[in-house]
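Structure first, commentary second.
No value in this document is a laboratory result; all are computed from the given coordinates. Computed from a predicted model, the values in this text were never measured in an experiment. Note that we place each Cβ from the backbone using ideal geometry, even for glycine, and neighbour counts take in every protein chain shown.
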Amino acid sequence: MEEPKKQPTTFDLIYERVRRIPRGKVASYGLVAAAAGNPRWARVVGYALHANPCPEEIPCHRVVTKAGAVAPGYAFGGAGVQRRLLEEEGVRFLPDGNVDLAACGCILRDLL
């Protein structure tokens, strides 16, 4: 008899959406939450990314605040590392230090 398929966890749903953020683009915590099934999960997205089991495959550096700010507590080296990784992918920053979301932000359809 075949074993029933395991339901994905909330973190699994989040990781799947983050994997879909293209190189050179970013998405907000709230956008990832909405794409994963619940727009109220923005904080949960942060928790999931902090526990990212595979940063090489799950590009958590591509998730920023709704204003385009990088995470001051970026789990894999700090805000400077997150910004450097984004710049290496061609993400543009504004003079205030935030990502230029008009040029580099994803839309919901990109993550579905």
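In the Gaussian network model of the chain, springs joining C-alpha atoms below 10 Å, which of Gly24, Gly68, Gly97 carries the largest mean-square fluctuation?
Result: Gly97 has the largest fluctuation of those listed.
Once you put a point 7 Å from the Cα of Arg84 and another 7 Å from the Cα of Glu3, both along the Cβ direction, what distance in nm separates them?
Taking the two extended label points, one gets 4.1 nm.
Looking at the chain as a GNM with Cα springs under 10 Å, which of Tyr74, Tyr47, Tyr29 has the largest mean-square fluctuation?
Tyr47
Given the C-alpha centroids of segment 8-50 and segment 78-97, what is the distance between them in whole angstrom?
If we compute the Cα centre of each part, the gap is 19 Å.
Which three semi-axes in whole Å describe the equivalent ellipsoid of the chain, each the square root of 5 times a Cα gyration tensor eigenvalue, listed largest first? Don't skip to the end; give the middle numbers.
Numbers: eigenvalues 130, 41, 30 Å².
After scaling each eigenvalue by five and taking roots: 25, 14, 12 Å.
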